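Undergrad: Dropping the structure in here first, questions after.
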Amino acid sequence: MALYKANKKTFKTRRYSEARNHVLTIFNQIKKRTKRKPYIRSSYFKKQKIFFDYFWPHLFQKNPRERTKRLKYFEASIELIKNSKDHPFSKQNPNNQSEIFHRFEGLTKNKEKFCVQIKEDKRSGKKYFISCFPLKEK
């Protein structure tokens, strides 16, 4: 699987509040573009909309240290979703047969590997940005 090379660096901080504020400014810019649900368009999925319905609830299931780690990759993840044409690793959700999970891998400008997970509902065809997180080196 190919790595998408993002032009964005990870946001350097150890404090959750700083990371959250930085991500919320980016998210609010995305939110301002529409009167309805915020979304971004994906090159890989032929400019289909990727919604954020599951991102924030999924993030708040994690502890604050893990949230901070994940928020650092948000800006690079948005760029990856918008611009990547590389094929993701896709697998069917074992708990729900009507869902497919797509995992895109990327590399930030400061050479850190990360992963973006998108959930696709087979019935409706809608896609949702679930999570972004650092990849562990093998």
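Throughout, read-outs are computed from the coordinates displayed, never taken from laboratory work. All of these numbers come straight from a predicted model, not from anything done at the bench. All Cβ positions, even for glycine, are placed from backbone atoms using ideal geometry, and neighbour counts span all protein chains on display.
Undergrad: Report, by residue number, each residue of region 17-44 that is within 14 Å of TRP56 (Cα to Cα) and part of a loop (DSSP other than H, G, I, E, B).
TA: LYS37, PRO38
Undergrad: Being more than 14 Å from the chain's Cα centre (by Cα) and not charged (D, E, K, R) narrows it down to one of PRO64, PRO88, PRO38, PRO57, so name that one.
TA: Criteria check complete, one pass: PRO64.
Undergrad: Another one. If the requirement is being within 23 Å of LYS31 (Cβ to Cβ) and over 11 Å from the mean Cα position of the chain (by Cα), which of these qualifies: SER43, SER77?
TA: On inspection, the qualifying residue turns out to be SER43.
Undergrad: Right, something else. If we only count strands (runs of 3 or more DSSP E) wholly inside region 65-138, which ones have 2 or more residues that are surrounded by 15 or more Cβ atoms within 10 Å (Cβ to Cβ)?
TA: 99-107, 113-121, 127-134
Undergrad: Continuing with the same structure: Against the definition (of a type in the set (Ser, Thr, Tyr) and touching a Cys at 6+ places or on another chain (Cβ under 7 Å)), how does SER42 come out, yes or no?
TA: In short, no.
Undergrad: Another question about this same structure. Do any residues in region 27-39 that are surrounded by 13 or more Cβ atoms within 10 Å (Cβ to Cβ) have Cβ atoms under 7 Å from those of residues that are part of a strand (DSSP E or B) and aromatic (Phe, Trp, Tyr), where the two are at least six apart or on different chains, and which pairs are they?
TA: Filtered contacts from region 27-39: TYR39/PHE51.
Undergrad: Check region 80-96 and report whether any residue there is acidic (Asp, Glu) and under 27 Å from GLU18 (Cα atoms).
TA: For region 80-96, residues acidic (Asp, Glu) and under 27 Å from GLU18 (Cα atoms): absent.
Undergrad: I'd like to know if region 46-56 contains one or more residues that are more than 19 Å from TYR4 (Cβ to Cβ), in a loop (DSSP other than H, G, I, E, B) and free of Cβ contacts under 8 Å to residues at least 24 places away in the same chain.
TA: no
Undergrad: Same structure, new question: Only one residue in LYS85, LYS127, LYS113, LYS91 is charged (D, E, K, R), touching a residue at least 60 places away in the same chain (Cβ under 8 Å) and more than 29 Å from ARG15 (Cα to Cα), so which one is that?
TA: The unique qualifying residue is LYS127.
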